[in-house]
Amino acid sequence: VLPPAEAAADRAEVPGDGVGERPARLAVIAMGKCGGRELNYVSDVDVVFVGEGDLNIAAKLASSMMRVAGEACFDVDAALRPEGKAGALVRTLDGHIGYYRRWAHTWEFQALLKARPVAGDPELGRRYLAEITPMVWAAADRDNFVADVQRMRARVERHLPSELAERELKLGRGGLRDVEFAVQLLQLVHGRSDPALRDRSTLDALGALGSGGYVGRADAAGLRESYQLLRTVEHRLQLQRLRRTHLFPAEDNETELRWLARAAGISPQRGRTAGEILQAEFRRHATRIRHLHEKLFYRPLLDAVSRVPSEGLRLTTAQALDRLAALGYAAPDGALQHIRSLTSGMSRRAAIQRALLPVLLDLLASTPDPDRGLLAYRRVSEALAETPWYLRVLRDEGAVVEHLATVLGTSKFVPDLMVRAPEVLRLLGDPAALTGRDPADVATSLRQTVRRHTDLGEAVASARSLRRHELARIACADVLGLLEVPEVCRALSSVWVAVLESALDAAIRVQAAEWGSTPARMAVIGMGRLGGAELGYGSDADVLFVCEPTTPAGVQDAVRFASAVAELVRNMLGAPSQDPALQVDTDLRPEGRSGPLVRTLDSYRAYYAKWGDIWEFQALLRARFVAGDAGLAQRFLSAIAEFRYPEGGIDQASAREIRRIKARVDNERLPRGADPKTHAKLGRGGLSDVEWTVQLLQLQHAYRVAALRSTSTVDGLRVAADAGLIGQSDAEGLIDSWLLVTRVRNAATLVRGKPTDQVPTSGRELVAVASILDHMDEDDPGGFLDYYHRITRRARAVVERVFYES
């Protein structure tokens, strides 16, 4: 219609005999549904006019063309032109270009997606398109581009009368505009680097988004089906009376519903009228459209992708190396190799990686070690290549990508676990799921899982698997700053306790099957950090094994049985594995490594009464029940109370002996060359200083201050302050130091990937540790060390007064 109308207007308006140079040239650019070849039966035709020569004549041509076309068929609307109805009807090409470069709003570039020359001067139309197209595909580089598009959609919804919003096929929630806005936003963001997405047709663009991996196949198919149904309903409604309408019939309008259902090819089924079926289908498809619209249109990754400059998406090798170096990658060549490995080929996996990597590279650049983070991402991606949900989660859940980049660019400990516990990756987008698991629930789950296995190897494997999952979950939450130090320690300790419970239960079942009976009850007593529920990522489990016979005359059999069980527990947990070590340490038992692995309750009592040293009584301050027979454990704890909480407190000679032992331990066990100012365990104001101080107070006063009988360092210090045994300020100084040093020790293990007591003093490792503690300052990582020294110096001064001089 438009070309004949334009020709008729041309004949009517252009003066002269038609020979020689024309005084005006006019190109008609279709926009909106006409541009996308998606017109309804009753629809406006949106156009923009471009002119050359005498613009007055061109404007008359345009006006006449609009009138002729409107009288013949469709109304022609030029409101999408620059400045809208307030702007000139016809502009020159330079006028259009100047406007779009300086004044255009984001929505105007979105509208230009559909621009297509349809009438008038073809060469002028082609030139217009050639000039405008690059601007369209650079629009996503504008500040706040994604937010602007999202606000525009919200504004359209707000202007709808509330009583019509659920029936409006075009503009309502779950309507056609939801599909179109989502598709167009994805096109504009990803189409900068992928020409396959540059299609005017909504359905063709949706197909390209699905094929390219930008939208899940099922989501693309669902949107297509629902969009087509709504367009079909829209067409039928307009055909009924050949008038413009987008309003679905009201629920109580059975006549209209019946007519529309029949027009759409829907028949009654199983006692339901055609109208009822149509209404249910309309609601189902509108709900699906709205769900997918919100999933895609508000995808956090879109905003992150849009912030990557267009030139950063299309680079030569040399430019890519320069950009990687500028982002902070120390080895750009290596980083480029990782990128090529992840994106090579024509697979859907490679396509999704190509969409993800520009964002990921920028996110990793903000982490302490981008190179290691990218390598870890490649390892995780290759290991999970056949995991169907992996890339889908990264593409659809922006928070997962952001948190994954932080974790991989900070920690060497997590990637190895994540490869073998990939399900944790899905939790990264949900902080509540990452942190909200109750340690008691974790322990119960682990025990129940292990008990389902009759084979010892399978039982141990299941215990390791659940521990691996929990370690990865806790470590991710820790790196992201979602857990406080006591929460991390309790969670790690709870996992260890559950593993011990499960291993003990499995070992007892194995030995009972071999013996044909169970001649002993057993309990595992946690000692050291396990007893205090203060374990770190690299901590061993210090334990004592205690048993008692199930028959009065069976002491020897009980000890033999229990020793076999204990040995089996140690061996199966300590077996070599790719996971962090599970070492069960029994060196705190009477006589150390020279003594029997398991003793009866009477044997423990007799040993401590006759041979126990003050350091052994000090070690018993941490003793608590962790696994096995609770009644036996309680009898053991009652039996050792007189040794760890001696009546009247320890004497001065014993206190001097404790001070002497600590001085020797600090001197002999501090690694050669280690800086005592930055050694977490044995350094000044470190863990040993604080723990020995509170333990001395417990040995001296717990006999009369019952609340001081705690295995927790922090709780012990708080009680000591409340009881007046130590000044409140001194207690706070010790607590601050213990919490800081514990967190630094954990952070250093997360960063290095292996247990360590040495605080990094320079380089990326120091920056990474500081970032975990939220002291990130790449320009001055030494500021964190100054803070560490200040806190530990204060604690050391308290230790000198309270531990050494009191």
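See the values below:
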item	result
Options 590, 519, 580: the member that is touching a Phe, Trp or Tyr at 6+ places or on another chain (Cβ under 6 Å), in contact (Cβ under 8 Å) with a residue 12 or more places away in the chain, more than 23 Å from residue 620 (Cα to Cα) and not basic (Lys, Arg)	519
Matching residues, the range 425-451, being part of a loop (DSSP other than H, G, I, E, B) and either at pLDDT 85 or above or in contact with a strand residue (DSSP E or B) (Cβ under 8 Å, 6 or more places away or on another chain) (or both)	430
Residue 189 being in a helix (DSSP H, G or I), within 29 Å of residue 133 (Cβ to Cβ) and either over 30 Å from the mean Cα position of the chain (by Cα) or outside the structural domain of residue 351 (by TED's automatic domain parsing) (or both)	yes
Among the residues listed as 785, 773, the single one being modelled with pLDDT under 95 and within 25 Å of residue 535 (Cβ to Cβ)	773
Inter-residue pairs, beta-carbon under 8 Å, first farther than 17 Å from residue 570 by Cβ and in the range 531-543, second assigned to a loop (DSSP other than H, G, I, E, B) and modelled with pLDDT under 95, 6+ apart	536/755; 537/580; 537/755; 538/580; 538/581; 538/754; 538/755; 538/756
Contacts under 8 angstrom Cβ, first residue in the range 40-57 being farther than 16 Å from residue 70 by Cβ, partner basic (Lys, Arg) and buried (at least 22 other Cβ atoms within 10 Å of the Cβ), 6 or more apart	48/81; 50/91; 51/91; 55/91
Residues satisfying the stated conditions in the range 336-366, i.e. in a loop (DSSP other than H, G, I, E, B) and either of a type outside the set (Gly, Ala, Ser) or in contact with a Leu (Cβ under 8 Å, 6 or more places away or on another chain) (or both)	346
Yes/no for residue 444 being surrounded by fewer than 22 Cβ atoms within 10 Å (Cβ to Cβ), more than 30 Å from residue 766 (Cα to Cα) and among the hydroxyl-bearing types (Ser, Thr, Tyr)	yes
Any hit, the range 93-110, residues being over 30 Å from residue 305 (Cα atoms), without any contact (Cβ under 8 Å) to a residue 12 or more places away in the chain and surrounded by fewer than 16 Cβ atoms within 10 Å (Cβ to Cβ)	yes
The range 58-105, residues that are assigned to a strand (DSSP E or B) and out of contact with any helix residue (DSSP H, G or I) (no Cβ under 8 Å at 6 or more places or on another chain)	77
Single residue of the range 641-657 satisfying the filter (surrounded by fewer than 16 Cβ atoms within 10 Å (Cβ to Cβ) and among the acidic types (Asp, Glu)) that is nearest to residue 803 (Cα to Cα)	651
Every residue from the range 701-716 that is touching a residue at least 24 places away in the same chain (Cβ under 8 Å) and crowded, with 22+ Cβ neighbours inside 10 Å	702, 713
Condition check for residue 521: within 30 Å of residue 737 (Cα to Cα) and either of a type in the set (Lys, Arg) or in a helix (DSSP H, G or I) (or both)	no
Out of 230, 242, 247, sole residue that is modelled with pLDDT of 95 or more and among the aliphatic types (A, V, I, L, M)	230
Residue count, the range 621-658 (criterion: touching a Phe, Trp or Tyr at 6+ places or on another chain (Cβ under 6 Å) and either among the hydrophobic types (A, V, I, L, M, F, W, C) or at pLDDT below 95 (or both))	2
Unique residue being surrounded by 19 or more Cβ atoms within 10 Å (Cβ to Cβ) and aliphatic (A, V, I, L, M) when the list is 327, 336, 292	292
Condition check for residue 541: among the small types (Gly, Ala, Ser), under 39 Å from the mean Cα position of the chain (by Cα) and buried (at least 16 other Cβ atoms within 10 Å of the Cβ)	yes
Selection within the range 642-662 - under 14 Å from residue 702 (Cβ atoms) and either among the aromatic types (Phe, Trp, Tyr) or free of Cβ contacts under 8 Å to residues at least 24 places away in the same chain (or both)	642, 643, 645
Residues of the range 741-768 classified as among the aliphatic types (A, V, I, L, M) and either surrounded by fewer than 20 Cβ atoms within 10 Å (Cβ to Cβ) or modelled with pLDDT under 95 (or both), total	4
Condition met for residue 156 (in the same structural domain as residue 76 (by TED's automatic domain parsing) and of a type in the set (A, V, I, L, M))	no
Pairs with Cβ under 9 Å, 6+ apart, first in the range 111-133 and farther than 20 Å from residue 192 by Cα, second of a type in the set (Asp, Glu) and part of a helix (DSSP H, G or I)	119/6; 120/6; 120/10
Residues being among the aliphatic types (A, V, I, L, M), part of a loop (DSSP other than H, G, I, E, B) and farther than 15 Å from residue 677 by Cβ - total across the range 742-784	2
Residues satisfying the stated conditions in the range 506-537, i.e. over 24 Å from residue 631 (Cβ atoms) and surrounded by 21 or more Cβ atoms within 10 Å (Cβ to Cβ)	529, 534, 535, 536, 537
Condition broken by residue 395, with the remaining ones in (1) among the charged types (D, E, K, R); (2) farther than 21 Å from residue 327 by Cα; (3) at pLDDT 90 or above satisfied	(3)
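Residues checked against (1) at pLDDT 90 or above; (2) more than 28 Å from residue 142 (Cβ to Cβ); (3) in contact with a strand residue (DSSP E or B) (Cβ under 6 Å, 6 or more places away or on another chain):
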position	(1), (2), (3)
312	no, no, no
334	yes, yes, no
343	no, no, no
346	no, yes, no
353	no, no, no
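Let's see how each residue does on (1) of a type outside the set (Gly, Ala, Ser); (2) over 19 Å from residue 530 (Cβ atoms); (3) touching a helix residue (DSSP H, G or I) at 6+ places or on another chain (Cβ under 8 Å); (4) assigned to a helix (DSSP H, G or I):
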| position | (1), (2), (3), (4) |
| --- | --- |
| 664 | yes, yes, no, yes |
| 668 | yes, yes, no, yes |
| 673 | no, yes, no, no |
| 698 | yes, no, yes, yes |
| 721 | no, yes, yes, yes |
| 725 | yes, yes, yes, no |
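So that you can scan it fast, the table gives a plain yes or no per residue for (1) within 21 Å of residue 482 (Cα to Cα); (2) of a type in the set (A, V, I, L, M, F, W, C); (3) outside the structural domain of residue 578 (by TED's automatic domain parsing):
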position	(1), (2), (3)
688	no, no, yes
705	no, yes, yes
727	no, no, yes
750	yes, yes, yes
759	no, yes, yes
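The values are calculated or read from the model by the stated rules, or taken from the named source; none is laboratory data. Fair warning: this is a prediction, and the values are worked out from it, not measured in the lab. Quick reminder, even Gly has a Cβ in these numbers, built from the backbone with ideal geometry, and neighbours come from all protein chains shown.
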